Structures are given as C-alpha cells and as structure tokens.
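The values are calculated or read from the model by the stated rules, or taken from the named source; none is laboratory data. Quantities reported herein were computed from a predicted structural model and do not represent experimental measurements. In this analysis, Cβ positions are derived from the backbone assuming ideal geometry, glycine residues included, and neighbour counts consider all displayed protein chains.
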Amino acid sequence: PLSMWGLLDQTINIMGQQSINAELKQATVVIQPKVGHLGVLDLKSSNEAILEGEKAAQAQMLQIKNAISAFKKSPAAFKPAPKAKF
C-alpha cells in the first residue's frame, strides 16, 4: 500500500505528464535524464538526480550548441523580451 506521501508523489507525476508531453513536442532540444526511479519528493536522491542531469546534458551538447547558433542568427535574438506585467 502507498503512503500518503507516495500517493501525493504519484498524483503530481501523473498530473504533470500531460503538460510535459505538450511542451516536448515544441522543444528544439530535449534533455531527458534517467531519473524515472526517483520521486518528485525524494530529496535524499537529489545528488543522483543532478548527476544524471549533467550526463544527459553532456550527451546533447552538440544539439544544444547548434540550437544556440541557430537562435543567434534568428530575428528573435534581436527582439527584446516583453516586460512582465505585475
């Protein structure tokens, strides 16, 4: 049986997955560290999660550099971001 925290963790994961899938379709580069075995609330494994993220980013480094290069050549690179409305 799941604990209250385990159930909350699972609920958060399920709710966020739909939003994540929509964003992934629009991404230029996707970095996916192998952290599926770690829960959102699993603070004891944060170092492991960080290391997995670093490995995944290194594996995508060429795609990251290419995306940055393409962005620098695009009109969006010269347009300032809109000011936040508070």
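Give me a count of the residues in the stretch 44-86 that are within 19 Å of A27 (Cα to Cα) and among the polar types (S, T, N, Q). Qualifying residue count, the stretch 44-86: 6.
Surrounded by 11 or more Cβ atoms within 10 Å (Cβ to Cβ) and among the charged types (D, E, K, R): is that true of K25 in this structure? Answer is no for this residue. Based on what the data block shows, is I20 in a helix (DSSP H, G or I), surrounded by 12 or more Cβ atoms within 10 Å (Cβ to Cβ), β-branched (V, I, T) and on the phi < 0 side of the Ramachandran plot? When the stated conditions are applied, I20 does not pass them. When L38, L51, L2, L8 are checked against the criterion of being outside any helix (DSSP H, G or I), surrounded by 11 or more Cβ atoms within 10 Å (Cβ to Cβ) and of a type in the set (A, V, I, L, M), a single residue qualifies: L38. The residue pairs whose first member lies in the stretch 67-86 and is modelled with pLDDT of 85 or more, whose second member is surrounded by 10 or more Cβ atoms within 10 Å (Cβ to Cβ), and whose beta carbons are closer than 6 Å, counting only pairs six or more residues apart or on different chains, are A67/T28; A67/V29; F71/A77.
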